[in-house]
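*Asks:* Could you have a look at this structure, given as structure tokens, before my questions?
The values are calculated or read from the model by the stated rules, or taken from the named source; none is laboratory data. Quantities reported herein were computed from a predicted structural model and do not represent experimental measurements. Cβ placement follows ideal geometry from the backbone for every residue including glycine, while neighbour counts extend to all protein chains displayed. All accessible areas refer to the heavy atoms of the entire protein, side chains included, with ligands and DNA or RNA removed. Shrake-Rupley method; radii C 1.70, N 1.55, O 1.52, S 1.80 Å.
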Amino acid sequence: MRDELGVRIDLAWPDPSGAGRQPNSRRQQAAQTEAELKAAAIRVFERVGYLNAKITDITAEAGRATGSFYKHFAGKEALLEALLADLLTEGDASAELPGHGTDFQDRDAVRFHVAAFWDFYRRHRVIMVALQQAALVDEAFAERSRDMLAPDLGHIADHLAGLDLPGDPLVTASLFGATVSSFAATWLNPATRPGLGRELTDDEAIETLTTFLHRGFGAS
């Protein structure tokens, strides 16, 4: 082949300026496809629930061929685990925010964690519900999820040092997590929200739960 000036161009010879970009481009495309599949899965989970969602529903929602799904995930459970890993990464980042107290004798430290989880659950409610549904029907998935969440449990247990706890620090930490999660799941889901006769504001919910937990830890 020749260019406009008649100079021969050998197409078999790699262009140094572009050769290094092709793998990068493929990685970017793969990352984009994975992100689109995750986003599509969340929309499908919200419509029909995790248990009723099919891989073909997810790929159709993403506008992708079904075969492309398996280039990124071994199955629906693997996709949900990837979503959980994303949430844990986001949670790790929140631990670096200003105001993150590490001593639950201090009410403000408890409130920081309650408020962070409340906001987190509000934004990721669909995934949180999906994780609960998956764990109920798949013990292997439940075990893997527990392993992934173990560092977070230890993180809360560390904050309880020095308190007159009602039980083992890890047990008490699990009580903290279960209480906050259940409270958020109840009040942030229109289908399960009690008939209060008025709106429960975020601030009231966070303050109520903070006081309940702080007193339950035996802090003064």
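*Asks:* Would you be able to tell me the number of residues in region 30-68 that are among the hydrophobic types (A, V, I, L, M, F, W, C), open to solvent by 70 Å² or more (accessible area, probe 1.4 Å) and touching a residue at least 24 places away in the same chain (Cβ under 8 Å)?
*Replies:* Looking only at that region, the number is 1.
*Asks:* Another question about this same structure. For region 202-210, indicate whether the set of residues that are in a helix (DSSP H, G or I), open to solvent by less than 80 Å² (accessible area, probe 1.4 Å) and within 16 Å of Leu88 (Cα to Cα) is non-empty.
*Replies:* no
*Asks:* How many residues, within region 1-46, are modelled with pLDDT under 90 and of a type in the set (Ser, Thr, Tyr)?
*Replies:* The number of residues fulfilling the criteria is 2.
*Asks:* Scan region 107-118 residue by residue and report those that are open to solvent by 60 Å² or more (accessible area, probe 1.4 Å) and without any contact (Cβ under 8 Å) to a residue 60 or more places away in the chain.
*Replies:* The one that is open to solvent by 60 Å² or more (accessible area, probe 1.4 Å) and without any contact (Cβ under 8 Å) to a residue 60 or more places away in the chain: Asp108.
*Asks:* Looking only at region 41-58, count every residue that is under 18 Å from Tyr70 (Cα atoms), part of a helix (DSSP H, G or I) and among the hydrophobic types (A, V, I, L, M, F, W, C) and tell me the total.
*Replies:* The total comes to 5.
*Asks:* Scan region 164-190 residue by residue and report those that are open to solvent by less than 30 Å² (accessible area, probe 1.4 Å) and either under 16 Å from the mean Cα position of the chain (by Cα) or farther than 18 Å from Gly154 by Cβ (or both).
*Replies:* Within region 164-190, Val180, Ser181, Ala184, Ala185, Leu188 meet the criteria.
*Asks:* Considering only region 69-81, state which residues are touching a helix residue (DSSP H, G or I) at 6+ places or on another chain (Cβ under 9 Å) and either open to solvent by 20 Å² or more (accessible area, probe 1.4 Å) or in a loop (DSSP other than H, G, I, E, B) (or both).
*Replies:* Within region 69-81, Tyr70, Lys71, His72, Phe73, Gly75, Lys76, Glu77, Glu81 meet the criteria.
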